[in-house]
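Remarks on the structure that follows.
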Amino acid sequence: MQISAMSKKFAHMTQTKKISLGMAAAGAAVVAGSLAGAPAASAAPAQSGSSVSNWINQSLEIMRAQGIPGSYHGIHRNLMRESSGNPNAINNWDSNAAKGIPSKGLLQVIDPTFRAYHVPGTSWNIYDPVANITAACNYAAHRYGSIDNVNSAY
């Protein structure tokens, strides 16, 4: 791909409303790698809508049993903004990452927050989609009243 075509593609990607910082960084890595002659990097693909829907619904079931508030819409909106549905998303460039504790998973939770707000009955693996969602929603419930009240990075 020619450099000008890559630049146009990256510019179009960054103008898309639902693009995450991770996708923008991956796009920048592809452009930079190609310019430097290095192998191109790629962003991990988002999961299918049915996988994301299943993870959210499983989380909602656990949340209801634990008394954690939240709605499908609130979780989905935040999840898509934070990771574009990629359960293996990791943020290696923000202030948390600079401190050595990058945000991870569908709802971009840092390890100390995940441990503190882990919900019984879910995996202790921060990348497990259901565990990540339920821990993040538990944190949001304690901090903001519900994940439904979160409209930006939290």
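Each residue of region 128-139 is assigned a 3J(HN,Hα), and the resulting list reads 5, x, 5, 5, 5, 4, 5, 5, 4, 5, 5, 4 Hz, derived from the Karplus form 6.51 cos²θ - 1.76 cosθ + 1.60 (θ = phi - 60°), x at Gly and Pro.
Suppose R0 equals 22 Å. What FRET efficiency, 1/(1 + (r/R0)^6) with r the Cβ-Cβ distance, do residue 77 and residue 127 give to the nearest 0.05? In this case the efficiency is close to 0.60.
Sites listed here are chymotrypsin sites (Phe, Trp or Tyr not before Pro) in region 55-122 whose DSSP assignment is loop and whose Cβ has at most 16 other Cβ atoms within 10 Å: 93.
Less than 5 angstrom separates the built amide H of residue 109 from those of 104, all sequence-distant by 5 or more or on a different chain. Our coupling estimate for region 65-79, obtained by passing each phi through the Karplus curve with A = 6.51, B = -1.76, C = 1.60 and θ = phi - 60°, is 5, 9, x, 9, x, x, 10, 3, 4, x, 5, 4, 4, 6, 4 Hz, Gly and Pro reported as x.
Only the coordinates and a few stated rules stand behind these numbers; no lab work does. What you see is a predicted model; the values in this text were computed from it and never measured. Note: ideal-geometry Cβ built from the backbone for every residue, glycine included; neighbour counts use all protein chains shown.
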